Amino acid sequence: MSLVGREVVLGVGGGIAAYKSCELLRRLQDRGYQITVVPTPSSLNFVGKATWEALSGRPVNTQVWENVHTVPHIALAEAADFFLIAPATADLIARLAAGRADDLLTNLVLASDVQKMLVPAMHPSMWLDPATVANVQTLRSRGFVVMEPDVGRLTGQDIGPGRFPEVPAIIEKFDSLTGNIQDLKGKRVLVTAGGTREAIDPVRYIGNKSSGKQGIAIALAARNRGARVHLVAANFDTSSLEGIEVSKVESASEMQKVLLKQFPLCDILIMSAAVADAKPKNSSLEKIKKALLGSIELEENPDLLASLAPLKQGQIVVGFAAETKDHLQEARRKLEAKGLDLIYVNDVSGGAIFGQDQTMGTILLRNDADIAVKEVSKDALGNLLLDQAIRQLG
């Protein structure tokens, strides 16, 4: 199972362990979760609102009375797929058990019926107090997943149960709750991304508007699901990609060379790059004077997928199509003509989709019904395509 809906509300209680949730937030993002942080008002004494907004890239509210016109306690509750409250203090656990709704976080918990996980952190005496024990039992009886705290040294000299668990342990527990399993472990995924550039001279080229965002999203999703990922990157920054093997290319012919070498080694190939259909027949080694740029003779670029067809031995091949009219018919033609297992097509009339964080289109499958993709993040689409590729892989 992948996380098509990966919207998580990260609730932060007012304990010293709140600072550790900064690292938890970043590692959750690495796993592909989309995070909205909702701190309790008292937690802002430990980690400020600006920090959460900077790390999550989203607005942060603590009270129902902020941005009232958006009805945040309902809107955020409806958008969330999961809740993770870390740290959960004794006071916050007590308020949740009592069904209180005296800040935005507790309002959201009451307004949402999705799965919720709590990570307690407090002094051992508070964790072992009969009131806290009863409150935890009450929450568990209502379906909350309450993680056991670690045993260890706390803020002072005291040692006992109540320590905030290590971040990897929290994520492992949360993954088991959400179903974010490593279903691509042991598989090799090859992804092309970006837009190729065909040189006219040393300073000019034929190119397109592709930003590489969709390919990056697919590569990260595959990595997060356990795959060994090789990204063939055409003309975009890859410095922030960790745990992914990268081959940088510029032109279609350079991309073809990498693909011919790497395709026999992969289980899944996802061709999200926008490859130029044509290139100048003769590329000048010197800058062409403006007066001599009257015309450029072009020749067709090689068909990269056609060149890979003789090498196919059970790999699943996913294609992309960006069309301005008759997009479904054209995508179906490409699906059949290029021997693809599935293809994602979108309407790019007026420059839509390119460079944006959202996408919408249709997934066409060789032997199954089309799948309409309403407006989703490119991260979510990456997981959708991997879901279908895994199905085809069997």
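Only residues that are within 25 Å of Asn180 (Cβ to Cβ) and surrounded by 14 or more Cβ atoms within 10 Å (Cβ to Cβ) were counted in the range 137-147, giving 5. Residues that are farther than 30 Å from Leu292 by Cα and either in contact with a Phe, Trp or Tyr (Cβ under 8 Å, 6 or more places away or on another chain) or surrounded by fewer than 18 Cβ atoms within 10 Å (Cβ to Cβ) (or both) within the range 197-215 comprise Ser211, Gly212, Gln214, listed in sequence order. The residue that is surrounded by the fewest Cβ atoms within 10 Å (Cβ to Cβ), counting only those in the range 323-338 that are within 12 Å of Asn367 (Cα to Cα) and under 28 Å from the mean Cα position of the chain (by Cα), is Arg332.
The residue list Pro130, Pro165, Pro124, Pro161 contains one member that is over 30 Å from Val275 (Cα atoms), buried (at least 21 other Cβ atoms within 10 Å of the Cβ) and more than 24 Å from the chain's Cα centre (by Cα), which is Pro165. From the list Asp379, Asp387, Asp347, Asp357, the one residue that fits, being in the same structural domain as Phe320 (by TED's automatic domain parsing) and farther than 21 Å from Glu7 by Cβ, is Asp347. Mind listing just one residue for me: the one in the range 123-142 that is assigned to a loop (DSSP other than H, G, I, E, B) and modelled with pLDDT of 95 or more and, of those, nearest to Phe174 (Cα to Cα)? Taking the candidates together, the pick is Arg142.
Candidates Ile16, Ile85, Ile93: the one that is touching a helix residue (DSSP H, G or I) at 6+ places or on another chain (Cβ under 6 Å) and either in the same structural domain as Trp127 (by TED's automatic domain parsing) or touching a residue at least 12 places away in the same chain (Cβ under 8 Å) (or both) is Ile93.
When we screen Glu323, Glu286, Glu336 for residues that are within 24 Å of Gly207 (Cα to Cα), of a type in the set (Asp, Glu) and without any contact (Cβ under 8 Å) to a residue 60 or more places away in the chain, the only hit is Glu323. Within this structure, Ile181 fails the test of being within 14 Å of Ala17 (Cα to Cα) and either buried (at least 20 other Cβ atoms within 10 Å of the Cβ) or out of contact with any strand residue (DSSP E or B) (no Cβ under 9 Å at 6 or more places or on another chain) (or both). Among the residues making up the range 221-241, those that are at pLDDT 90 or above and in contact with a Gly (Cβ under 6 Å, 6 or more places away or on another chain) are Arg223, Ala233, Ala234, Asn235, Phe236.
Those helices (runs of 4 or more DSSP H) of the range 1-111 in which 1 or more residues are in contact with an Asp or Glu (Cβ under 8 Å, 6 or more places away or on another chain) and buried (at least 17 other Cβ atoms within 10 Å of the Cβ) occupy 72-79, 90-98, 104-111.
Of all the residues in the range 216-241, those that are buried (at least 23 other Cβ atoms within 10 Å of the Cβ) and either part of a loop (DSSP other than H, G, I, E, B) or without any contact (Cβ under 8 Å) to a residue 12 or more places away in the chain (or both) number 2.
Any idea which residue in the range 260-314 is farthest from the chain's Cα centre (by Cα), counting only those that are part of a helix (DSSP H, G or I) and polar (S, T, N, Q)? It would help to see each step written out before you state the result.
Keep residues of the range 260-314 that are part of a helix (DSSP H, G or I), which gives 260-265, 290-292, 304-311.
Remaining after also requiring polar (S, T, N, Q): 262, 307.
Details: Gln262: 24, Ser307: 31 Å.
Selected residue: Ser307.
Suppose we filter Ala94, Ala75 for residues that are at pLDDT below 95 and of a type in the set (Gly, Ala, Ser); which single one remains?
Answer to the check: Ala75.
For the range 318-328, the candidate set comprises residues that are out of contact with any helix residue (DSSP H, G or I) (no Cβ under 7 Å at 6 or more places or on another chain) and within 14 Å of Met271 (Cα to Cα); within that set, the residue that is modelled with the lowest pLDDT is Ala322.
Remark: pairs (first residue in the range 306-318, over 17 Å from Ile390 (Cα atoms); second residue loosely packed, with under 11 Cβ neighbours inside 10 Å and of a type in the set (Phe, Trp, Tyr); Cβ separation under 7 Å; 6+ apart in sequence or on different chains) are absent.
The values are calculated or read from the model by the stated rules, or taken from the named source; none is laboratory data. Quick caveat, the model's predicted, so the values are computed rather than measured. Reconstructed Cβ throughout: ideal geometry from the backbone, glycine too, with neighbour counts over all protein chains shown.
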